[in-house]
Structure formats: structure tokens, C-alpha cells
1. Near R182, within a Cβ-to-Cβ distance under 15 Å, what is the net charge of the other residues, with Lys and Arg +1 and Asp and Glu -1?
2. Would you mind getting the Kirkwood hydrodynamic radius of region 397-444 from its Cα pairs, rounded to one decimal in Å?
3. Which net charge results for the neighbourhood of A347, defined as the other residues with beta-carbon distances under 13 angstrom from its beta-carbon, given Lys and Arg at +1 and Asp and Glu at -1?
4. Considering only the other residues whose Cβ falls under 9 Å of the Cβ of G370, what net charge follows from Lys and Arg at +1 and Asp and Glu at -1?
5. Probe radius 1.4 Å, ligands and nucleic acids ignored: give me the carbon and sulfur share of the accessible area of region 166-218 as a rounded percent.
6. Quick check: at a probe of 1.4 Å, how many percent of the accessible area of region 300-450 sits on carbon and sulfur atoms?
7. Could you state the accessible area per residue of region 280-431 in Å², with a 1.4 Å probe and every protein chain left in place?
8. Any chance you could look up the accessible area of Y89 with a 1.4 Å probe, heavy atoms only, rounded to 10 Å²?
Amino acid sequence: MARLGGWIRYILQGGPPESGLPTRVREEIHQREIASERLIGWVQLVIVLFFSALYAIAPKAEGSSGFNFVPVALGGYFLFTVARLALSYRVELPKWLLLLSIAVDMALLVGLIFSFHIQYGQHPTFYLKAPTLMYVFIFIALRALRFDPRFVLTTGVVAVAGWLGLVAYAVLADMDHMRVTRNYVDYLTGNTILIGAELDKTMVILMVTVVLSAALYRGRVMLFEATRDQAAATDLRRFFAPEVAASITTSEAALIAGQGSVRNAAILYLDIRSFTATASTLPPEKVMAVLAAYQGLALEIIKDEGGRVDKFLGDGILATFGALMPSSTYAADAVRTARRLATEISAEQSRFTEAGWPDSLRVGTAVAAGSIMVGTVGSTDRLEFTVIGDPVNRAAKLEDANKHQQSAALTDSKTYALAREQGYVGPEVEQRPAVLISGLGNPIDLAVLA
């Protein structure tokens, strides 16, 4: 019984519950459902206009002598559809109005079918052979646009109830002359009722409803998962460079640790001087405000010069040039970025003062170019996309050397020469040959950029 109760609740709630989804995902699904109701309104309007045009230009059937309900029914349905569509753009349509819309759809169809025996002066069994019943599948399919199986089920159940009502009326309308037959020829050629044929029609409506609802239940699960994955992919693009996010979300195979490729690229390190000591004297909210201002400016400059931030290291930033996408000017772009970072951050002190930094915010940055490995590292359960190689280590050590060299931006002479070959144009730099850098085995020639 518990399992049956759970199954019934699953049906009544339209599939998987939304309670386990993040609020932003639920809101995204909610907005899509609102858009779906507007789409349904437009499709209904197209349908009624199509039927109206078809009725206006089609030759009138002979033999009709009674009152013609078709123009009245189409006119009323047109007004209701226009009002419903206009309302959907002003407010979210309440559930009762959606159910009323289903009732109006079926009332229109059942009413038109019922009117045939009046219009043509025939026994009610006459309307049971009307092909107009086929339109019921349009109304059932129309509800699938919302991707909520409950509305499809409701439409199908209402359609079956309406059709059974028509059949019951035809059976009971003339009890003195029973018109139920078992002869298929009599059924097709006269005003008689073949119960098996009417049950067939009922079963077809039910089966189409059940199959379409089952497909929507499965589709709704996929909708939830797809919306959640889309939200995650959107967030992923904020944590990674666009190329990295795209490689993760569009990968044909599962990513594993150790995958990567070798490329020539430039690495840039950026760090705030005396950040830890100064930050310890400030409230956390001011520290975060300063970091946001500093990182926002730095990211803008790096992105403007074609670089990609690999990761934020507290107050430090690791950026790459030519690592994610091949570049013929990676060294020139990185050197130009280092100079801009040193000069523009120094010129924007008012921004950091307003955020709460008590002293002048000074930074150190360094660039190193060479061959690196770009790929994923980690384990089965935890992966990270990163860059590995001598330029990464060299840039980190050079950045730290700014303190001892009394500089704001450093690079080695080989990287600077490569940048000049790639088109870098800038003021002359100070060359410092054979400098021993802590963490690097052999002395290297330095170029002071700022």
C-alpha cells in the first residue's frame, strides 16, 4: 500500500519533486512553464483562426436544416483564447484557469459534435460517426507543450468523460426504439450504435493520453536534470576560463586525471605586497571589498590583453597566455599585461582606499614563457584543470623576487627577447644580468618591466 501511495503521489505531483532542486533551478523551470502557457495560447489562437478560415471557405455540407452552432462556438472560443493569451502576458495564469481552459477546449469539441444531430435533424447516434472527434488528439497534444503530464492526463480524462457522455445520451435518447446493434454493416450505414466501436474510440483516446503522459513523466525528469546541468554549466563559466568550461561541458568522453597537451605559452603571477599583515588589521568585509576591487581591475586588464585567469590564489592571481588557445603573441601579450597591471593598479589607488585599504596598495607581478603542460590533474573523485611546467615555477619565483629587486614587474631576459620578437613595443627596460633567484638553481638575467 505504501508503494501504491507513493506511486499515486508521484503521478499527482507531475513526476519528480522540485524540493531537491536549487532555488535558481526551480525558478528557471517555473519561468519555462510560464512561457509554455503563452505558447499554448498562441497555438490555440492559430487553431481557432485556422478552423474559422476553413469553415468560411469550405463548401457547406448539404442536408443541414437546423441551427448551426459552429460560428457561435468558434466565436466564443476565439474570445476566450484571446482573453487567456492577453492575461498570460500580464500575470501568471492560476491553476484553476488552466483547468478551465481544458474544460473549455473539451466543451467546444463535445458541443460541436452534439450539435450535428440537431443541425442535420438526425437521431443522436448520427454524431457518433462524426470525424470531428479526431480533434481531441490536437487538444491532448497541445497540453504536452507545458511539459507537465498532469495537464495531459486531465485533458484525456475530460475528453473520455465527454465522449462517454455523448455515447450515453445517444443510447438513452430513444428507449422505445433501441438502436444498439452488433452488425457492423448496420452500424456504418444506419443510425445505430456499435458499443464495441465506441469502446475502441474510448480506448484509443485513453492509450494516447497514457503513452503521452508517460513520455512526459520521463521527459520531466530529464527537464529537471537538464535545467540543473545548464545552471551548473553557466556557473562553471564563472569559475573557469570560457575555453576550459567549454572543454569540460562538451567533452565527448569523461575527463580523467593525466590528460593534457604540451604548448608554448606565457605564465603571469600577480600578488599584493604585505597583504597578510595589512589584512589582519581590517574587518573581513573590508578585506573582501578590497580583493573584489583589485581582482576586478586585474581581471579586466588580463582579459583585455588576451589572457585567461587560471586560478585565484587568495590575493594572488595566476594567468596564462596561449595555454588554452594557441597564440603567436603569447609572450608579448603577457609582458604588456604585466606592465599595465603595475602601472594601472598604482594609478587606481582611490578605488582601493574607498574599499577600505589603509595604505597604498602595491603589487608585484612577473612573467615567464616556455613549454608547459595544459590538462587535468587530481584523482577519480576530484579533478583540477591547470598548467604545469618550468615557466609556472619560474614566474612564481620571479614574482617573489620583486621584493628583493625593489621592482613591481619582472621577467627574464629570454622571455623579454621573445616578447620583442613577437611584436612587443614598450619603453626600454633595465637589464640585471646573472641574478641569483631564491628557488632557482642557476643565476638568470632579469628584465625590470616596472
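1. Charge balance near R182 sits at -2.
2. 11.7 Å
3. Charge balance in the 13 Å sphere: +2.
4. +1
5. Within region 166-218, the accessible surface is 66 percent carbon and sulfur.
6. Of all accessible area on region 300-450, carbon and sulfur atoms account for 50 percent.
7. That works out to 47 Å² per residue.
8. Result for Y89: roughly 130 Å² accessible.
The values are calculated or read from the model by the stated rules, or taken from the named source; none is laboratory data. None of the values given here were measured: they were computed from a predicted structure. Every residue, glycine among them, receives a Cβ derived from its backbone with ideal geometry; neighbour counts consider all protein chains shown. All accessible areas refer to the heavy atoms of the entire protein, side chains included, with ligands and DNA or RNA removed. Shrake-Rupley method; radii C 1.70, N 1.55, O 1.52, S 1.80 Å.
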